[in-house]
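Structure, as C-alpha coordinates:
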Amino acid sequence: MHAHADAAVQPGFVLASLVSPTEYKALMASTFLSPELLTAITLIALGRTRQQTATALGITLGALDRLLIKAATTLGCRSRMPLLVHTAYGHGEYPTPGELGDPAPDLNSDEWMVLLAHSGGFTFKHLSQARKLSLFDLTDINRSLLAKLDALTPAHAVRRAWQYGLFPRDCGQAANKPVAEGSTP
(Lines give C-alpha, C1' and ligand atoms only; values in the text may rest on other atoms or scores of the structure.)
Protein backbone atom coordinates (compact mmCIF):
# COMPACT_ATOMS: atom_id res chain seq x y z
CA MET A 1 0.00 0.00 0.00
CA HIS A 2 1.37 3.41 -0.94
CA ALA A 3 0.94 6.48 1.23
CA HIS A 4 -0.93 9.34 -0.39
CA ALA A 5 1.44 12.21 -1.30
CA ASP A 6 -0.65 14.72 0.65
CA ALA A 7 -1.34 12.48 3.66
CA ALA A 8 -1.06 14.64 6.76
CA VAL A 9 0.33 13.74 10.15
CA GLN A 10 -2.03 13.95 13.12
CA PRO A 11 -2.61 17.68 13.67
CA GLY A 12 -2.81 17.25 17.45
CA PHE A 13 0.66 15.75 17.50
CA VAL A 14 2.01 18.86 15.77
CA LEU A 15 0.44 21.38 18.18
CA ALA A 16 0.71 19.51 21.48
CA SER A 17 4.12 20.94 22.36
CA LEU A 18 3.65 24.34 20.71
CA VAL A 19 0.64 25.87 22.47
CA SER A 20 -0.62 25.93 26.03
CA PRO A 21 -2.61 22.90 27.22
CA THR A 22 -5.73 25.09 27.43
CA GLU A 23 -5.39 26.33 23.84
CA TYR A 24 -4.53 22.83 22.62
CA LYS A 25 -7.63 21.38 24.28
CA ALA A 26 -9.83 24.11 22.78
CA LEU A 27 -8.34 23.60 19.31
CA MET A 28 -8.82 19.84 19.44
CA ALA A 29 -12.40 20.20 20.73
CA SER A 30 -13.35 22.78 18.08
CA THR A 31 -15.73 21.66 15.36
CA PHE A 32 -15.68 25.00 13.55
CA LEU A 33 -12.88 24.02 11.15
CA SER A 34 -11.19 20.72 10.44
CA PRO A 35 -8.19 19.77 12.58
CA GLU A 36 -5.95 20.31 9.53
CA LEU A 37 -7.24 23.87 9.00
CA LEU A 38 -6.98 24.71 12.71
CA THR A 39 -3.43 23.36 12.81
CA ALA A 40 -2.32 25.16 9.64
CA ILE A 41 -3.69 28.51 10.85
CA THR A 42 -2.18 28.02 14.31
CA LEU A 43 1.25 27.15 12.91
CA ILE A 44 1.17 30.26 10.69
CA ALA A 45 0.05 32.28 13.73
CA LEU A 46 3.00 30.91 15.69
CA GLY A 47 5.37 32.42 13.13
CA ARG A 48 6.05 29.34 11.03
CA THR A 49 6.73 29.86 7.35
CA ARG A 50 4.61 28.16 4.71
CA GLN A 51 7.41 25.63 4.17
CA GLN A 52 7.78 24.94 7.90
CA THR A 53 4.00 24.55 8.21
CA ALA A 54 3.78 22.16 5.27
CA THR A 55 6.69 20.12 6.62
CA ALA A 56 5.16 19.96 10.11
CA LEU A 57 1.89 18.74 8.62
CA GLY A 58 3.65 16.28 6.31
CA ILE A 59 2.09 17.79 3.19
CA THR A 60 3.30 19.60 0.09
CA LEU A 61 3.28 23.38 -0.28
CA GLY A 62 0.50 22.98 -2.85
CA ALA A 63 -1.60 21.02 -0.36
CA LEU A 64 -0.96 23.68 2.28
CA ASP A 65 -1.98 26.43 -0.13
CA ARG A 66 -5.23 24.55 -0.82
CA LEU A 67 -5.84 24.28 2.94
CA LEU A 68 -5.20 27.99 3.47
CA ILE A 69 -7.48 28.95 0.57
CA LYS A 70 -10.18 26.74 2.04
CA ALA A 71 -9.68 28.39 5.46
CA ALA A 72 -9.85 31.88 3.93
CA THR A 73 -13.00 30.98 2.01
CA THR A 74 -14.64 29.54 5.14
CA LEU A 75 -13.68 32.63 7.17
CA GLY A 76 -14.72 35.01 4.36
CA CYS A 77 -11.38 36.77 3.97
CA ARG A 78 -8.47 36.96 1.56
CA SER A 79 -5.58 34.52 1.87
CA ARG A 80 -3.08 36.99 3.37
CA MET A 81 -1.69 35.21 6.41
CA PRO A 82 -1.94 38.02 9.02
CA LEU A 83 -5.53 38.72 7.90
CA LEU A 84 -6.35 35.00 8.03
CA VAL A 85 -5.02 34.77 11.60
CA HIS A 86 -6.85 37.94 12.69
CA THR A 87 -10.13 36.86 11.09
CA ALA A 88 -9.87 33.40 12.67
CA TYR A 89 -9.21 34.78 16.16
CA GLY A 90 -11.97 37.33 15.72
CA HIS A 91 -14.51 34.65 14.86
CA GLY A 92 -16.67 33.63 17.78
CA GLU A 93 -16.24 29.91 17.10
CA TYR A 94 -12.44 29.89 16.70
CA PRO A 95 -10.36 29.24 19.85
CA THR A 96 -8.20 32.27 20.65
CA PRO A 97 -4.78 31.94 22.24
CA GLY A 98 -4.45 32.49 25.95
CA GLU A 99 -3.52 35.96 27.13
CA LEU A 100 0.05 36.66 28.16
CA GLY A 101 0.67 37.58 31.76
CA ASP A 102 3.00 40.43 30.82
CA PRO A 103 1.70 43.94 30.15
CA ALA A 104 1.29 44.84 26.49
CA PRO A 105 4.16 46.74 24.94
CA ASP A 106 3.61 50.43 24.27
CA LEU A 107 3.17 50.78 20.50
CA ASN A 108 3.61 54.17 18.87
CA SER A 109 1.17 55.40 16.21
CA ASP A 110 3.32 54.12 13.32
CA GLU A 111 3.57 50.65 14.87
CA TRP A 112 -0.19 50.61 15.41
CA MET A 113 -0.68 51.62 11.78
CA VAL A 114 1.47 48.68 10.61
CA LEU A 115 -0.20 46.22 13.01
CA LEU A 116 -3.65 47.29 11.81
CA ALA A 117 -2.47 47.03 8.20
CA HIS A 118 -1.28 43.48 8.87
CA SER A 119 -4.52 42.50 10.60
CA GLY A 120 -6.51 44.09 7.76
CA GLY A 121 -4.60 42.26 5.03
CA PHE A 122 -3.01 45.35 3.50
CA THR A 123 0.38 45.12 1.83
CA PHE A 124 3.22 47.54 2.41
CA LYS A 125 2.77 48.70 -1.18
CA HIS A 126 -0.82 49.76 -0.45
CA LEU A 127 0.15 51.29 2.88
CA SER A 128 3.05 53.14 1.29
CA GLN A 129 0.76 54.68 -1.31
CA ALA A 130 -1.99 55.53 1.18
CA ARG A 131 0.29 57.02 3.84
CA LYS A 132 3.00 58.46 1.58
CA LEU A 133 5.70 56.48 3.41
CA SER A 134 8.61 54.73 1.74
CA LEU A 135 8.81 50.95 1.78
CA PHE A 136 12.10 51.36 3.66
CA ASP A 137 10.33 53.35 6.41
CA LEU A 138 7.52 50.78 6.63
CA THR A 139 10.04 47.93 6.85
CA ASP A 140 11.81 49.77 9.66
CA ILE A 141 8.52 50.34 11.51
CA ASN A 142 7.62 46.69 11.00
CA ARG A 143 10.97 45.56 12.47
CA SER A 144 10.27 47.69 15.53
CA LEU A 145 6.73 46.29 15.83
CA LEU A 146 7.93 42.69 15.55
CA ALA A 147 10.64 43.32 18.16
CA LYS A 148 8.20 44.90 20.63
CA LEU A 149 5.75 42.01 20.22
CA ASP A 150 8.55 39.42 20.20
CA ALA A 151 7.13 38.13 16.91
CA LEU A 152 8.77 36.33 14.02
CA THR A 153 6.35 37.30 11.24
CA PRO A 154 3.42 39.67 10.68
CA ALA A 155 0.97 36.78 11.30
CA HIS A 156 2.80 36.02 14.56
CA ALA A 157 2.56 39.72 15.49
CA VAL A 158 -1.22 39.50 15.05
CA ARG A 159 -1.34 36.45 17.36
CA ARG A 160 0.83 38.21 19.94
CA ALA A 161 -1.42 41.29 19.75
CA TRP A 162 -4.40 39.05 20.55
CA GLN A 163 -2.45 37.49 23.41
CA TYR A 164 -1.56 40.90 24.82
CA GLY A 165 -5.21 41.94 24.63
CA LEU A 166 -4.50 44.63 22.03
CA PHE A 167 -7.48 43.34 20.07
CA PRO A 168 -10.62 42.97 22.19
CA ARG A 169 -11.85 39.39 22.54
CA ASP A 170 -15.13 40.33 20.83
CA CYS A 171 -13.27 42.05 17.96
CA GLY A 172 -14.84 40.93 14.70
CA GLN A 173 -17.24 38.42 16.22
CA ALA A 174 -20.38 40.44 15.56
CA ALA A 175 -19.36 40.93 11.94
CA ASN A 176 -18.86 37.17 11.50
CA LYS A 177 -22.16 36.08 13.02
CA PRO A 178 -25.02 35.40 10.63
CA VAL A 179 -27.55 38.23 10.46
CA ALA A 180 -31.21 37.30 10.67
CA GLU A 181 -33.14 37.97 7.52
CA GLY A 182 -34.74 41.38 7.57
CA SER A 183 -32.52 42.74 10.34
CA THR A 184 -29.79 45.26 10.01
CA PRO A 185 -26.26 44.42 11.14
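The values are calculated or read from the model by the stated rules, or taken from the named source; none is laboratory data. In this text the structure is predicted, and so the values were computed from the model without any measurement. Note that each Cβ is placed from the backbone with ideal geometry, even for glycine, and that neighbours are counted across all protein chains shown. Just the protein is used for accessible areas: all its heavy atoms, side chains included, with ligands, DNA and RNA removed. Shrake-Rupley method; radii C 1.70, N 1.55, O 1.52, S 1.80 Å.
Determine the sum of side-chain charges near SER79: Lys and Arg each +1, Asp and Glu each -1, restricted to other residues whose C-beta is under 13 angstrom from that of SER79.
+4
Per residue, how large is the accessible surface of the stretch 36-157? Use a 1.4 angstrom probe and give square angstrom.
47
Over the stretch 48-110, with every protein chain in place, what whole percent of the accessible area is carbon and sulfur at 1.4 Å, could you tell me?
50
Around THR123, under 11 Å between beta carbons, what's the net of Lys plus Arg minus Asp minus Glu among the other residues?
After counting each charged neighbour, the total is +3.
Output the peptides 128-139, 83-94, 113-124, 59-70 sorted from most to least packed, where packing is the average of other Cβ atoms within 10 Å over each peptide's residues.
Put in order of decreasing packing, that is 83-94, 113-124, 59-70, 128-139.
Checking the a/c ratio against 1.5 first, then a/b against b/c, what shape does the Cα gyration tensor give for the stretch 1-143?
prolate
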